[in-house]
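The values are calculated or read from the model by the stated rules, or taken from the named source; none is laboratory data. Predicted model only: the values in this text are computed from it and were never measured. Note that we place each Cβ from the backbone using ideal geometry, even for glycine, and neighbour counts take in every protein chain shown. Heavy atoms of the whole protein, side chains included, go into the accessibility calculation; ligands, DNA and RNA do not. Shrake-Rupley method; radii C 1.70, N 1.55, O 1.52, S 1.80 Å.
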Amino acid sequence: MGNNKQKRFRNHRGQTSRHQHLTLDDDYQSSVREQTGASEEEEPTQPKIKLAMWDFGQCDAKRCTGRKLSRFGFLKELRVSNGFGGIVLSPVGNQCVSREDYSLIQMKGLAVVDCSWARLDDVPFVRLRCTAPRLLPWLVAANPVNYGRPCQLSCVEALSAALIICGEEETANLLLGKFKWGHAFMSLNGELLKAYSRCQNSAEIISVQNDWLSQESQIRRAPTDSKVATLESEDKIQNSSDSEDGLPPLERNMNHLNIASSDEESE
């Protein structure tokens, strides 16, 4: 009898120990799930899409949004001799970027040609090796230089617009978030960008664009001088604090130097 009671006592303690062990395992697994869920909800720190830019030095380097993204490590600066196999936002495109381009953007990336509309003749487009040049549909600029002007987008606005149109809004928000005025781009174009993002191809985007432009109430008036002055002031403050953000210094633009030297040789 004594032996039986002792065995039952040991069995009871063993069961209690196993129960405590299982409870601890459950608590640990629950903690891991909570930590994993929290990490999944964290905002991304790097773009999901490969981004690139051809920069031809036609704007103020300190205010160039593309070069700032490069200094953040968000995009790669390309030389004229570099090819790009993804979608390229370029004035020589013959159709608009759309959802049907998304698979190529995911595989090969998205690039932009940074140049001035007033100096297109100075850009060697024939030397840029890209197989899929694309245009952007009608949008309004929010950058301090061209605020409120249609189609005068900066590099970050162009890249972000294309990403949103193709359904990659998270990466677009990451890019715009690096600029104090970035939210203004969505304020000006949010509704139209949503309409574009629902289109499946370039033809549908052109149709949405034309319908939008036919509604005179949708066309925003030119910005007031005070609004532009405010944005320019904010832009100067942000540029002056770049060194405090830990950004590397600006580097010389090799594309601009190469073009200038080739022009001198031709003369």
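Below is a table of values for the structure above.
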{"read-out": "Candidates Gly57, Gly85, filtered to the one that is more than 23 Å from Trp138 (Cβ to Cβ), small (Gly, Ala, Ser) and in contact (Cβ under 8 Å) with a residue 60 or more places away in the chain", "value": "Gly57"}
{"read-out": "Ala111 farther than 16 Å from Ser202 by Cβ, part of a loop (DSSP other than H, G, I, E, B), modelled with pLDDT of 85 or more and open to solvent by less than 10 Å² (accessible area, probe 1.4 Å)", "value": "no"}
{"read-out": "Only listed residue being under 24 Å from Gly177 (Cβ atoms), of a type outside the set (Phe, Trp, Tyr) and either modelled with pLDDT under 80 or out of contact with any Asp or Glu (no Cβ under 7 Å at 6 or more places or on another chain) (or both), chosen from Glu77, Glu34, Glu100, Glu42", "value": "Glu42"}
{"read-out": "Those residues of region 159-177 which are surrounded by fewer than 18 Cβ atoms within 10 Å (Cβ to Cβ), among the polar types (S, T, N, Q) and closer than 20 Å to Gly86 by Cα, in sequence order", "value": "none"}
{"read-out": "Answer residue from region 174-203, given it is in contact with a Phe, Trp or Tyr (Cβ under 9 Å, 6 or more places away or on another chain) and in contact (Cβ under 8 Å) with a residue 60 or more places away in the chain and is farthest from Gly66 (Cα to Cα) among those", "value": "Leu174"}
{"read-out": "Meets criteria (over 21 Å from Phe74 (Cα atoms), crowded, with 19+ Cβ neighbours inside 10 Å, out of contact with any strand residue (DSSP E or B) (no Cβ under 6 Å at 6 or more places or on another chain) and in contact (Cβ under 8 Å) with a residue 40 or more places away in the chain) for Val156", "value": "no"}
{"read-out": "Of all residues in region 178-204 being closer than 16 Å to Val97 by Cα, touching a Lys or Arg at 6+ places or on another chain (Cβ under 8 Å) and not in a helix (DSSP H, G or I), the one that is most open to solvent (accessible area, probe 1.4 Å)", "value": "Gln200"}
{"read-out": "Test: residue in region 132-148 that is more than 18 Å from the chain's Cα centre (by Cα) and open to solvent by 60 Å² or more (accessible area, probe 1.4 Å)", "value": "yes"}
{"read-out": "Hits in region 61-98 (condition: within 15 Å of the chain's Cα centre (by Cα), surrounded by fewer than 23 Cβ atoms within 10 Å (Cβ to Cβ) and of a type in the set (Ser, Thr, Tyr))", "value": "Ser70"}
